[in-house]
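The values are calculated or read from the model by the stated rules, or taken from the named source; none is laboratory data. Predicted, not measured: the structure shown is a model, and the values here were computed from it. In this analysis, Cβ positions are derived from the backbone assuming ideal geometry, glycine residues included, and neighbour counts consider all displayed protein chains.
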Amino acid sequence: MQPLEKSFAWAMHMKRKQPAPIILDDEHMRDGIRALRRKCPHLRLVHEQAGDPPLRRHAAGFEGLARIVVGQQLSLASAQAIWGRLQLTVRPMTAGALLAAGDDELRAAGLSKGKVKTLRAVSSAVAAGFDLDRLEHAPEVEVHEALTALPGIGPWSADIYLLFCLGRADAFAAGDLALQIAARAAMGLEQRPSRDELFAIAERWRPWRGVAAHLLWAYYKVADRALLLQKNA
């Protein structure tokens, strides 16, 4: 066997040895909660206050990514309302159908100019051959790099796609404001952690960072909102 062939064979051997990513379902959510309760007293208290978080999953592919774009920097209620109107405007929810819709129609559904621009850019990339389906089983680094190369898709959107659309149990959106606020309150931090600081904190929650995110989002909803906002003003 030639040296190049040996290198390729060794790479394939190591790739096969790497564990497949855990895809979140109700059973894995319970497994993750039990593991996090054992290893992190802060998340144990979060779970005791917030209870079992609901599993949040969306369709993968173009529809899922479009839904994430709609939800950028919006409350959950506002994002759901706009998404519902957009689904009535763009039928079916495909790249081609979105490109065929007029700007006025998209704006009437509640989209900002920036989000219309992003959705059109993503739609054009998909129409030109960008294959979202091939990312379903790709390593998380590869998924992140591919998505953030699209115009208007930043780290937060890529992280949320990994967690909600691909169901990766260790995905974590450290740039999410609600997660930062909830982590500060749960851990008694003096200041709201930055994205990099929360990433560092979340290292202790591997390989269940996605479950930790679900717990913190649930905690954010049930904790004293006035107190949380006051602390993070």
Inset, instruction - Would you check which residues across the stretch 152-179 are farther than 19 Å from Gly64 by Cβ and in contact (Cβ under 8 Å) with a residue 40 or more places away in the chain and list them? - result: Ala178, Leu179
Inset, instruction - Please work out if Val46 is part of a helix (DSSP H, G or I), under 13 Å from the mean Cα position of the chain (by Cα) and in contact (Cβ under 8 Å) with a residue 12 or more places away in the chain. - result: no
Legend entry - Leading residue by the ranking (surrounded by the fewest Cβ atoms within 10 Å (Cβ to Cβ)) among those in the stretch 6-43 that are in a loop (DSSP other than H, G, I, E, B) and at pLDDT below 60: Pro19
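Counting only residues that are assigned to a helix (DSSP H, G or I) and either under 15 Å from Gly154 (Cα atoms) or not assigned by TED's automatic domain parsing to the domain that holds Glu105 (or both), how many does the stretch 65-85 have?
Result for the stretch 65-85: 7.
Mind checking which residues of the stretch 200-224 are exposed (fewer than 15 other Cβ atoms within 10 Å of the Cβ) and either closer than 21 Å to Cys165 by Cα or not β-branched (Val, Ile, Thr) (or both)? Working first, answer last.
Our first condition is that a residue be exposed (fewer than 15 other Cβ atoms within 10 Å of the Cβ); within the stretch 200-224, this holds for 200, 203-204, 206-207, 221-222, 224.
Ala200, Glu203, Arg204, Arg206, Pro207, Lys221, Asp224, listed by residue number.
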Inset, instruction - Test Ala185 against the stated conditions and say whether it is assigned to a helix (DSSP H, G or I) and either over 28 Å from Glu136 (Cβ atoms) or free of Cβ contacts under 8 Å to residues at least 12 places away in the same chain (or both). - result: yes
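I'm checking my understanding of the structure. Among residues of the stretch 188-199 that are in a helix (DSSP H, G or I) and of a type outside the set (D, E, K, R), which one is surrounded by the most Cβ atoms within 10 Å (Cβ to Cβ)?
If we filter the stretch 188-199 for residues that are in a helix (DSSP H, G or I), which is where we start, we get 195-199.
Now drop any that are not of a type outside the set (D, E, K, R), which leaves 198-199.
Numbers: Leu198: 21, Phe199: 15.
Checking each candidate, the answer is Leu198.
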Inset, instruction - Inspect the stretch 211-222 for any residue being free of Cβ contacts under 8 Å to residues at least 40 places away in the same chain, in a helix (DSSP H, G or I) and farther than 22 Å from Ile82 by Cβ and give the result as yes or no. - result: no
Inset, instruction - From (1) basic (Lys, Arg); (2) buried (at least 18 other Cβ atoms within 10 Å of the Cβ); (3) under 19 Å from Ala213 (Cα atoms), pick out the condition that doesn't hold for Lys115. - result: (3)
Inset, instruction - Give the stretch 118-136 a look and list any residue that's surrounded by fewer than 18 Cβ atoms within 10 Å (Cβ to Cβ) and basic (Lys, Arg), or say none. - result: Arg134
